[in-house]
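Heads up, the thing below is written out as structure tokens.
The values are calculated or read from the model by the stated rules, or taken from the named source; none is laboratory data. The model shown is predicted, which means the values in this text are computed figures rather than measured ones. Please note: Cβ atoms are built from the backbone with ideal geometry, for glycine as well, and neighbour counts cover all protein chains shown. Areas reflect the complete protein model, heavy atoms only, side chains present, ligands, DNA and RNA absent. Shrake-Rupley method; radii C 1.70, N 1.55, O 1.52, S 1.80 Å.
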Amino acid sequence: DIETKKAEGIKKVFIFAGVNNIGSGKTAEETIAQLAEMYRLGRAAGMQVVAATMTSWDTEGYVRKKPDFCGPRGMTAEILTDRTLKVNAWIREQKENGAIDGVVDLYQAMGPYDTQEKGLKRSEGRDYVIQDGDVCYFHFR
């Protein structure tokens, strides 16, 4: 609850959302509408709003693992990827038009799903971060 957090003195909110929406069959437009409302509520509460783009994900594996879900809904890896890219482009635009205060571009930092391991050190199955200048690369297992 944003009003509660404001009352507790929290001045910034970090919003990383949308993957579950896209993965559950919501359109890019439906996902964008929900994100816009989250951003609006944060700003209305006087908070600084920082949003993250969605990372690239194994859309082909997702479709393959969930045929009963994806098939009847007409979901394909291409549709999931297209929706992710549309939402991410919109998120980046929100910084430019002043709707949010910052963007953490996780999609850009992580790269395409099939290349995410390149150049990153394995860490015994744990999450880790690599800092390269001004950019932090997050890796989650």
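General remarks:
- For region 16-34, a residue qualifies if it is open to solvent by 40 Å² or more (accessible area, probe 1.4 Å), of a type outside the set (A, V, I, L, M, F, W, C) and not in a helix (DSSP H, G or I), and the qualifying residues are 24, 26, 27.
- Candidate set: region 67-88, residues that are under 11 Å from the mean Cα position of the chain (by Cα) and open to solvent by less than 40 Å² (accessible area, probe 1.4 Å); chosen: the one farthest from residue 50 (Cα to Cα): 84
- Among the candidates 64, 43, the residue that is surrounded by 14 or more Cβ atoms within 10 Å (Cβ to Cβ), farther than 14 Å from residue 82 by Cα and not small (Gly, Ala, Ser) is uniquely 43.
- Scan of region 50-79 for residues that are under 30 Å from residue 12 (Cα atoms), at pLDDT 85 or above and among the hydrophobic types (A, V, I, L, M, F, W, C), ordered by number: 50, 51, 52, 54
- In the set 83, 92, only one residue is among the charged types (D, E, K, R) and touching a residue at least 40 places away in the same chain (Cβ under 8 Å); that residue is 83.
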